[in-house]
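One structure is given below, encoded as structure tokens.
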């Protein structure tokens, strides 16, 4: 288990928000965490030795659940807030590798992971295409992406999104199903599926799954064509 030397920036609204919430986060949001983790876990299938990255891993709740279900998988997590990672470090085994960092600049080598998961964090990302390009970089060819987040197609979530944009500097934007699909398409994904659902009367959610395109060289006579599948 590893922490980088990245320090919290008290001026960054996301780090400031979650440094403040870290000690009470799991208890305060227990219903939401349990409901969203269950939906996300249904989209995750791992074989022995598969590598998974959880972006925005927070206190490590999702990684803990995945480790119990897939003990032979190789797990890693990244989160910008040191206080959240401190809690994750106490709950996860030493086999899980965690680092401090941002989705827009992942501290991992190219084509490292078989699957990347983002749960309840995409609405904080200021540069979604930069983050998705980074995800595609660290995914292996045909690697899988799973994103669970709020869904702006539901009226209450749409109103809450507008409220948070004004009064909560950590929040950036809540996406709907169509916008989510477009972002994934533009990031060179295929096999894109987006499912909308509600976990209670308030929270409207969606879980998106996709794969990284595989580019290969195809000989056509004397010419060589690059194709994406």
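Being at pLDDT below 95 and more than 25 Å from residue 16 (Cβ to Cβ) is a description that applies to residue 188.
Number of residues in region 125-163 that are closer than 22 Å to residue 106 by Cβ, in contact with a helix residue (DSSP H, G or I) (Cβ under 9 Å, 6 or more places away or on another chain) and buried (at least 20 other Cβ atoms within 10 Å of the Cβ) equals 10.
Where helices (runs of 4 or more DSSP H) fall wholly inside region 17-77, the ranges with 3 or more residues that are buried (at least 22 other Cβ atoms within 10 Å of the Cβ) and under 18 Å from the mean Cα position of the chain (by Cα) are 61-69. Going by the conditions given, is residue 116 under 11 Å from the mean Cα position of the chain (by Cα), at pLDDT 95 or above and crowded, with 21+ Cβ neighbours inside 10 Å? When the stated conditions are applied, residue 116 passes them. Residues of region 105-157 that are in a strand (DSSP E or B) and out of contact with any strand residue (DSSP E or B) (no Cβ under 8 Å at 6 or more places or on another chain): 105 alone.
For beta carbons closer than 6 Å, sequence separation of 6+ or different chains, a first residue in region 98-118 that is farther than 12 Å from residue 78 by Cβ and a second that is at pLDDT 95 or above, the qualifying pairs are 110/137; 111/140; 114/50; 114/51; 114/140; 114/143; 115/52; 115/144.
For region 92-101, state whether one or more residues are within 20 Å of residue 184 (Cβ to Cβ) and either modelled with pLDDT under 95 or surrounded by fewer than 22 Cβ atoms within 10 Å (Cβ to Cβ) (or both). Checked against the condition, which is being within 20 Å of residue 184 (Cβ to Cβ) and either modelled with pLDDT under 95 or surrounded by fewer than 22 Cβ atoms within 10 Å (Cβ to Cβ) (or both), region 92-101 yields no hits at all.
Figure legend. Inter-residue proximity from region 10-31: first residues within 25 Å of residue 199 (Cα to Cα), second residues surrounded by fewer than 17 Cβ atoms within 10 Å (Cβ to Cβ) and at pLDDT 95 or above, beta-carbon distance below 6 Å, spacing 6+ or different chains. Indicated pairs: 14/170; 17/170. Determine whether residue 212 is under 17 Å from the mean Cα position of the chain (by Cα) and more than 19 Å from residue 121 (Cβ to Cβ). The answer is yes for residue 212. If you go through region 177-195 and keep only what is touching a strand residue (DSSP E or B) at 6+ places or on another chain (Cβ under 8 Å) and crowded, with 19+ Cβ neighbours inside 10 Å, you end up with 180, 184, 189, 194.
The values are calculated or read from the model by the stated rules, or taken from the named source; none is laboratory data. From a predicted model like this one, the values you see are computed outputs, not experimental measurements. Counting neighbours? That spans all protein chains shown, and the Cβs are built from the backbone with ideal geometry, glycine included.
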